[in-house]
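To start, the structure itself, in structure tokens.
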Amino acid sequence: MTLSVRATTVFILSTLNAWHAFAVPGISGVGQSARIHERALTSWVSKGYGTGSSCTQEQIDQIEPAVEYAKILAKAAMTALEDVGASGVAYRRWFGDNNTSENTLASIKANHYEAVISGLRAPESGTVKSEDEGGPDKSRLVFSCPNSEHPVCEPNPYAGTEPIAGMLNAGEVYDNNVLRLCPPFFRQVSHSQMLVNWRDWKEGDLQTSAGFTLLHEMQHLDAIVGKPNRCADHAYAVADCEKLSSVEKLKNAQTFALFALDVLVNPPSPTK
């Protein structure tokens with residue numbers, strides 16, 4: 001991420017309200033059982049080179065490790081939940097003291113982390129010419145890479161931010177699920193640098209990695225988390241996420257990514 005991007009963790013998508021950076025669904029489903037809701041991804045494709053919003057091979061080569069780092073984060077979260085459950089400091093910090101039931105704990109683990117590990121893949125199923133190709137298909141995820149001149153990726157000069165990524169569920173705008181990755185996505189700091197940043201973080205903006213972004217965006221995707229568990233974007237900044245209500249904590253995409261980062265850097269023990 002370049003220094004011109006003032007708030008790296010802000011996934012602002014100001015030009016298209018359908019992007020889930022601005023979508024705020026209802027709060028139904030909070031505290032449900034751990035049942036993994038009906039969902040499945042069976043096809044992971046990218047916009048072919050030479051088409052609008054196409055992903056170059058260089059970009060694909062960056063998406064592939066980002067997917068693996070997203071899974072590393074998700075695995076750290078699962079391990080923490082298995083080891084200390086809701087008693088850990090990080091759990092209370094991000095999910096709150098009122099979200100500690102066994103059902104809630106199991107749902108977080110199964111729907112928000114295990115599902116990412118099993119369902120997210122890099123675009124390995126070929127290329128498409130349009131976001132709608134092969135649709136309608138809720139089991140297809142299309143990776144698209146708009147340039148900075150695309151309306152959804154244009155910088156916001158007033159906020160001093162650039163959109164990083166955005167998730168569209170099938171049927172909202174296109175027939176298929178579409179993950180848009182703007183240029184700043186490919187300029188984010190490395191996974192290892194993000195870990196250093198978190199260890200050193202005191203206040204202000206936190207520079208995060210592409211893997212962190214993918215874990216965040218998957219929280220918006222029905223085909224991963226299940227529609228009842230779909231998250232909105234109530235807050236991005238660390239301090240703002242900490243201040244969310246108990247209900248909002250379980251419906252905020254950034255919260256799940258921050259918890260995973262926190263426990264990866266600071267693995268909890270039963271005494272913490």
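FYI, it's all coordinate maths here, none of it is from the lab. Values in this document were obtained by computation on a predicted structure and should not be read as measured data. Cβ coordinates were reconstructed from backbone atoms using ideal geometry, including for glycine residues, and neighbour counts include every protein chain displayed.
Key figures for this structure:
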{"read-out": "Simple label model, 7 Å out from Cα along Cβ direction - ASN266 to LYS75, nm", "value": "2.3 nm"}
{"read-out": "Taking MET194, MET218 and counting other C-beta atoms within 10 Å, the order from fewest to most", "value": "MET194, MET218"}
{"read-out": "Order of TRP44, TRP198 under a 10 Å beta carbon neighbour criterion, fewest first", "value": "TRP198, TRP44"}
{"read-out": "Amide hydrogen neighbours beyond the local backbone of THR161, cut-off 5 Å, H modeled", "value": "ASN156"}
{"read-out": "Positive minus negative residues near THR213 (Lys, Arg vs Asp, Glu; Cβ under 15 Å)", "value": "-3"}
{"read-out": "Highest-first arrangement of 86-92, 211-217, where packing means the average Cβ count within 10 Å", "value": "211-217, 86-92"}
{"read-out": "Qualifying trypsin sites (Lys or Arg not before Pro) in the range 132-216, DSSP loop, other Cβ atoms within 10 Å at most 10", "value": "LYS202"}
{"read-out": "Cα shape, the range 43-264, gyration tensor, a/c 1.5 rule", "value": "prolate"}
{"read-out": "Restricting the range 105-194 to chymotrypsin sites (Phe, Trp or Tyr not before Pro) in coil, as DSSP defines it, with at most 14 other Cβ within 10 Å", "value": "TYR158"}
{"read-out": "Residue-count net charge about SER53 - beta-carbon cut-off 14 Å; Lys, Arg +1, Asp, Glu -1", "value": "-2"}
{"read-out": "Per DSSP, loop GluC sites (Glu not before Pro) in the range 105-167 with at most 12 further Cβ within 10 Å", "value": "GLU124, GLU149"}
{"read-out": "Check: the range 43-264 dipole with +1 on Lys, Arg Cβ and -1 on Asp, Glu Cβ, in debye", "value": "340 debye"}
{"read-out": "Cα lying deepest toward the dipole's positive end in the range 43-264, options GLN219, THR208, TYR49, charges on Cβ", "value": "GLN219"}
{"read-out": "Extension gain from SER190 to SER118, taking 0.36 nm per residue of separation minus the Cα-Cα distance", "value": "23.6 nm"}
{"read-out": "Dipole magnitude of the range 154-272, debye to nearest 20 (Cβ charges: Lys/Arg +1, Asp/Glu -1, about Cα centre)", "value": "340 debye"}
{"read-out": "Proxy reagent accessibility, fewest Cβ within 10 Å first, across ILE72, ILE108", "value": "ILE72, ILE108"}
{"read-out": "The range 61-173 shape via C-alpha gyration tensor axes, a/c threshold 1.5", "value": "prolate"}
